[in-house]
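To start, the structure under review is shown below, and the notes come after it.
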Protein chains: 2
Amino acid sequence: MAYPEPIERLVREFEKLPGIGERTAERLAFWIVSHPAEEALRLAGALREVKEKIRLCSVCCTVSLEDPCGICASANRDRGTICVVEETRDLARIEATASFRGVYHVLHGRLAPLDGVGPNDLTIGRLLARARAGVQEIILATNPTVEGDATAQYIATRLSEIPGVPHRVTRLARGIPAGSTMEYASRTTISDALLGRRDISSQKR
Amino acid sequence: MAYPEPIERLVREFEKLPGIGERTAERLAFWIVSHPAEEALRLAGALREVKEKIRLCSVCCTVSLEDPCGICASANRDRGTICVVEETRDLARIEATASFRGVYHVLHGRLAPLDGVGPNDLTIGRLLARARAGVQEIILATNPTVEGDATAQYIATRLSEIPGVPHRVTRLARGIPAGSTMEYASRTTISDALLGRRDISSQKR
């Protein structure tokens, strides 16, 4: 027996969300059925509101209520340093550390040829335009994964082709995460940590 | 940095769904942000529609577009046999086997004192009313879990207190699932299978 059509439809819509399989979608749909209407309407309202109010900053491409976004509009940020991240949530994690005073550029993904994601599907063109306008440093903070590394490499190459604008291009340090132990680090992580080792007797940074 | 308020709100709404943690809620919210508005509006519409159109059958308490539901209204179903299930999805799974011609009763949960779910939070009262009106058999098809078993036991006791209405109360067979092997069966499952063993030389039905 199929469920009544509105439930089937809700299950199908939930199933479209990333990481939600058929059983989970069914569980979510029945949770909605068995909870007060206000719960469902609040979620429905939040979905509409996000699509109505959220836009992308025309400078850094992050999600924002205003254009330009609060960071790009701020007088306290260093526009000479651009930190390039894959997603807005990565931007939020860096902001949470309060240890970066530059500005950002959100790619909205990473190069993934096997999934059909090429340079034109990301905001790389806009980043190159910003770089051409002149910056001191571009920090490539894509994830230390195969795809994140390939994306960083691609961008670094394109940046090196910009004539007459000297700028530094850097990549986030990779190594053993703070609070973790060698025991749980992968071989690649340990290898990265060795390659990136630093003097501690004469540490300058 | 917090995300813009509409995104934060959507994350919080997603987080309320069962089995959705903070990271997953964030991932879902950004999926919504980065996909066409129609996707979000379709999900929002499906949520509203479910709450507007779906009701509970006043006989068996299953979710339905009509009252009574298609099964309770059908002339082809045996109203003398009631199969009691925890959730509507269990009803759907039994219907999918096409091996039951009786009617159902959906409890909408199971007794779970630790979670504050008592008999009055389920539809047990309505089931007892149906039993008092006269039935031949009540199949307790709650799950073979501690809570499902306790719920079945509670209902069986309450049914036995109904004076003057003889009826059979049964429980689904428990044992090794078809297509599985002893190797993967738990001790309880094997113990259940031994207790419920059947003659195969003189098998009748």
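The values are calculated or read from the model by the stated rules, or taken from the named source; none is laboratory data. Note that the coordinates shown come from a computational prediction; the quantities given were computed from them, not determined experimentally. Note that each Cβ is placed from the backbone with ideal geometry, even for glycine, and that neighbours are counted across all protein chains shown. Ligands, DNA and RNA are stripped out before the accessible areas are found, and what is left, the full protein with its side chains, is counted by its heavy atoms. Shrake-Rupley method; radii C 1.70, N 1.55, O 1.52, S 1.80 Å.
Structure above, values below:
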{"item": "Count - residues of the range B:133-152 that are surrounded by fewer than 14 Cβ atoms within 10 Å (Cβ to Cβ) and not hydrophobic (A, V, I, L, M, F, W, C)", "result": "3"}
{"item": "Scan of the range B:133-157 for residues that are closer than 17 Å to B:Val106 by Cα and over 20 Å from the mean Cα position of the chain (by Cα), ordered by number", "result": "B:Val135"}
{"item": "Some residue of the range A:27-40 being loosely packed, with under 15 Cβ neighbours inside 10 Å, without any contact (Cβ under 8 Å) to a residue 40 or more places away in the chain, facing chain B (nearest Cβ under 7 Å) and in contact with a Lys or Arg (Cβ under 8 Å, 6 or more places away or on another chain)", "result": "yes"}
{"item": "Residues within the range A:1-23 that are farther than 15 Å from B:Phe30 by Cα and at the interface with chain B (Cβ under 7 Å from one of its Cβ atoms), tallied", "result": "8"}
{"item": "Which numbered condition A:Cys69 fails, given (1) out of contact with any helix residue (DSSP H, G or I) (no Cβ under 9 Å at 6 or more places or on another chain); (2) surrounded by fewer than 22 Cβ atoms within 10 Å (Cβ to Cβ)", "result": "(2)"}
{"item": "Cross-chain or 6+ apart pairs with Cβ under 6 Å, the range A:177-201 first and in contact (Cβ under 8 Å) with a residue 12 or more places away in the chain and in a loop (DSSP other than H, G, I, E, B), then among the aliphatic types (A, V, I, L, M) and open to solvent by 100 Å² or more (accessible area, probe 1.4 Å)", "result": "A:Gly196/A:Ala173"}
{"item": "Tally of residues being in a helix (DSSP H, G or I), touching a helix residue (DSSP H, G or I) at 6+ places or on another chain (Cβ under 7 Å) and small (Gly, Ala, Ser) across the range B:1-42", "result": "4"}
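The rows are residues; the columns are (1) more than 7 Å from chain A (Cβ to nearest Cβ); (2) more than 23 Å from the chain's Cα centre (by Cα); (3) open to solvent by less than 60 Å² (accessible area, probe 1.4 Å).
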site: B:Ala46; (1), (2), (3): no, no, yes
site: B:Glu49; (1), (2), (3): no, no, yes
site: B:Ser58; (1), (2), (3): yes, no, no
site: B:Arg77; (1), (2), (3): yes, no, yes
site: B:Asp90; (1), (2), (3): yes, no, yes
site: B:Leu107; (1), (2), (3): yes, no, yes
